[in-house]
Amino acid sequence: MGLFTGLSISASGLTANNLWINVIANNIANANTTRTPSGGPYRREEVVLASGNGSPSFASALQAATGSTGGVHVQSIVQDPTPFKLVYDPSSPDAVNGYVQMPNVSIATEMVDLLTASHAYQANITAFNAAKAVDTQALQIGK
């Protein structure tokens, strides 16, 4: 483990959590979008996180082989397969037999995910600052 490994691990978490928060914000912004460029209503997106830094380098392969992957990365962003909600609104131009397919976005679920992601982001900031303080003290020893 190098001097700045803790900073690197926390930074990877900050990057992943930032993307997660952006995906949640996109889901909330499209909670009422019934027509997308690909056709049909907006489908909720979810972030899939994985351990490791996601880069195919020798160092990451060595860390994976020794069981010390360190950090996290976004493996993928997937669409939630849950069915769309049907809302009766015969006046809508998107209605079929009087029903409109609404996005599968639940504001309550998104708010819980947002709290989880923001707490994880804050925890990574705390860990980053602690690692920075330890690294600064270690560098002071050499003076």
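Given the conditions (1) in a strand (DSSP E or B); (2) aliphatic (A, V, I, L, M); (3) touching a residue at least 24 places away in the same chain (Cβ under 8 Å), which single one is not true for residue 125?
(1)
Are any residues in region 26-40 surrounded by 15 or more Cβ atoms within 10 Å (Cβ to Cβ), under 22 Å from the mean Cα position of the chain (by Cα) and either assigned to a loop (DSSP other than H, G, I, E, B) or without any contact (Cβ under 8 Å) to a residue 60 or more places away in the chain (or both), and if so, which ones?
Once the filter is applied, which keeps residues that are surrounded by 15 or more Cβ atoms within 10 Å (Cβ to Cβ), under 22 Å from the mean Cα position of the chain (by Cα) and either assigned to a loop (DSSP other than H, G, I, E, B) or without any contact (Cβ under 8 Å) to a residue 60 or more places away in the chain (or both), region 26-40 yields 26, 30, 31.
Spot the failing condition for residue 41; the list is (1) within 19 Å of residue 103 (Cα to Cα); (2) modelled with pLDDT under 90, and only one is missed.
That leaves (2) as the condition not met.
Of these, 118, 92, which one is surrounded by 13 or more Cβ atoms within 10 Å (Cβ to Cβ), within 16 Å of residue 35 (Cα to Cα) and either among the small types (Gly, Ala, Ser) or touching a Leu at 6+ places or on another chain (Cβ under 9 Å) (or both)?
Step by step, each of 118, 92 is checked, and only 92 is surrounded by 13 or more Cβ atoms within 10 Å (Cβ to Cβ), within 16 Å of residue 35 (Cα to Cα) and either among the small types (Gly, Ala, Ser) or touching a Leu at 6+ places or on another chain (Cβ under 9 Å) (or both).
Looking at the structure I just gave you, is residue 36 in contact with a strand residue (DSSP E or B) (Cβ under 6 Å, 6 or more places away or on another chain), at pLDDT below 95 and β-branched (Val, Ile, Thr)? Show your work before the answer.
Working: in contact with a strand residue (DSSP E or B) (Cβ under 6 Å, 6 or more places away or on another chain): no; at pLDDT below 95: yes; β-branched (Val, Ile, Thr): yes.
Criteria not met by residue 36.
For the subset of region 81-122 comprising residues that are in a loop (DSSP other than H, G, I, E, B) and touching an Asp or Glu at 6+ places or on another chain (Cβ under 8 Å), which member is farthest from residue 71 (Cα to Cα)?
Here the answer is 98.
Applying the selection to region 103-138, what residues are over 15 Å from residue 15 (Cβ atoms) and of a type in the set (A, V, I, L, M)?
Looking only at region 103-138, we keep the residues that are over 15 Å from residue 15 (Cβ atoms), and these are 103-116, 119, 126, 129-138.
Across region 103-138, the qualifying residues are 105, 107, 108, 111, 112, 114, 115, 130, 131, 133, 134, 138.
Is it the case that residue 72 is under 16 Å from the mean Cα position of the chain (by Cα), at pLDDT 90 or above and not polar (S, T, N, Q)?
So residue 72 does not fit the description; no.
The values are calculated or read from the model by the stated rules, or taken from the named source; none is laboratory data. No experiment lies behind these values; they were computed from the predicted model shown. Every residue, glycine among them, receives a Cβ derived from its backbone with ideal geometry; neighbour counts consider all protein chains shown.
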